[in-house]
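To start, the structure under review is shown below, and the notes come after it.
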Amino acid sequence: PLPPSPAAVGREEAEAGDSVIVRRLGEEPVLVESRKGKQLTVAYGGLTMKVKAAEVARVIKAERVVPPPKAAGRKGGKRERRVTAVRVPSNTLDLRGKRLNEVGDDVAHALDRAMDLGCLYIITGRGTGQMRRFVRERLAEDPLVARFEDAPEPEGGNGCTIVYLR
């Protein structure tokens, strides 16, 4: 049996970005991609499958990162949208094991796909840092990119870049 966790909440509260434990899939948490009523779509290994909310043994809420609000008193000008960074398969690009000359188009396509979500997670791995530098040089030049930063350590640290889009 799993011990209760302070981050665990009721199964009715599971939403996209959270992790859940479904007994028939084992003891490892799986990522919730979406929720429709009492049915969850989860990422299990390389597969996407649907499970009933009643099958969920435990929900582990995702940590939501919200950029600080703009200074009050400014009117007009360009308004920056707020983005909650939640990693789901549709906004994640995994470049581990690829060569530098293979990733340029992958990054551009991933940025386009992630526009609706407002952020993109690019996993480069830790390695020598060459892939991370290459990707970040491209991101710094891209007009779609508002800013980027290292992911929190539990989500990959400097082996994963979170990109916030305009």
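Can you compute 3J(HN,Hα) from phi for each residue in the stretch 148-154, using the Karplus curve 6.51 cos²θ - 1.76 cosθ + 1.60 with θ = phi - 60°, rounded to whole Hz and x for Gly and Pro?
Running phi through 6.51 cos²θ - 1.76 cosθ + 1.60 with θ = phi - 60° gives 8, 7, 5, 6, x, 3, x Hz.
Expressed in nm to one decimal, what extension gain is obtained for the pair ARG126 and ALA16 from 0.36 nm per residue of sequence separation less their Cα-Cα distance? Walk me through the intermediate numbers first.
Numbers: separation 110, 0.36 × 110 = 39.60 nm, distance 2.69 nm.
Full-extension gain reported as 36.9 nm.
Using the Karplus equation 6.51 cos²θ - 1.76 cosθ + 1.60 (θ = phi - 60°), what ³J(HN,Hα) coupling, rounded to whole Hz, does each residue of the stretch 126-138 give in order, writing x for Gly and Pro?
Result, rounded to whole Hz: 8, x, 8, x, 5, 5, 4, 4, 4, 5, 5, 5, 5.
Considering amide H positions built from the backbone, and no H for Pro or chain starts, which residues 5 or more places from ASP94, or on another chain, come under 5 Å of its amide H?
Distant-sequence amide H within range of ASP94: ILE123.
Please compute the length gained on full extension between ASN101 and GLU149, using 0.36 nm multiplied by the number of residues separating them and subtracting their Cα-Cα distance.
Numbers: separation 48, 0.36 × 48 = 17.28 nm, distance 2.28 nm.
Additional length available on full extension: 15.0 nm.
Short version: ³J(HN,Hα) in whole Hz for each residue of the stretch 157-166, in order, from phi by Karplus 6.51 cos²θ - 1.76 cosθ + 1.60 (θ = phi - 60°), x for Gly and Pro, what are they?
x, 6, x, 9, 9, 9, 10, 9, 9, 6
What is the set of long-range amide H partners of ALA57 at a cut-off below 5 Å, with H atoms built 1.01 Å from backbone N?
ILE21, VAL22, ARG23
Once the other residues with Cβ under 13 Å from the Cβ of LYS50 are scored (Lys, Arg +1; Asp, Glu -1), what is the net sum?
Within the 13 Å Cβ shell, the charges total +3.
Each reported figure results from applying straightforward, stated rules to the coordinates on display, with no laboratory input. As the structure is a prediction and not an experimental result, all values here were calculated from the model. Positions of Cβ are backbone-derived with ideal geometry, glycine not excepted, and every protein chain shown enters the neighbour counts.
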